[in-house]
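*Asks:* Dumping the structure here so I can ask a few things about it.
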Amino acid sequence: MGLGDVLFAPCFAFLAGHPFWLFFLNAAYMLALAVTFITRKRGETLKKKPIPMGVYFSIALFFTFIAKILFYIYGLDNFVEVPDES
């Protein structure tokens with residue numbers, strides 16, 4: 001994980017908005033772990049293996065915005081109760 005990943009992950013999470021930033025971060029890192037683990041060779045360690053997080057951030061952003069669109073199209077925003085701040 002490089003400096004660009006550390007800088008871009010919070011920016012992309014901010015673009016996703018609340019509460020979808022949780023979905024974005026979980027989708028990006030779980031996707032990266034799953035693909036890296038599945039595509040490794042038998043007996044090969046994951047230490048020092050490059051992981052292109054930019055690719056996974058892009059895919060996770062796509063899934064996040066599709067989930068956000070579906071969330072509002074199907075009216076699930078009224079399903080989640082938001083407590084009053086007063």
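*Asks:* If you take the residues in the stretch 14-41 that are over 28 Å from residue 70 (Cβ atoms) and at pLDDT below 85, which one is surrounded by the fewest Cβ atoms within 10 Å (Cβ to Cβ)?
*Replies:* Residue satisfying both the conditions and the ranking: 41.
*Asks:* Mind checking which pairs have a first residue in the stretch 1-15 that is in contact (Cβ under 8 Å) with a residue 40 or more places away in the chain and over 19 Å from residue 62 (Cα atoms) and a second that is among the aliphatic types (A, V, I, L, M) and assigned to a loop (DSSP other than H, G, I, E, B), Cβ under 9 Å, 6 or more apart or different chains?
*Replies:* As it stands, the answer is 1/51, since those pairs meet every condition given.
The values are calculated or read from the model by the stated rules, or taken from the named source; none is laboratory data. It should be emphasised that the depicted structure is a prediction, and the values quoted were computed from it without experimental measurement. FYI the Cβ positions are ideal-geometry reconstructions off the backbone, even for glycines, and counts take in every protein chain you see.
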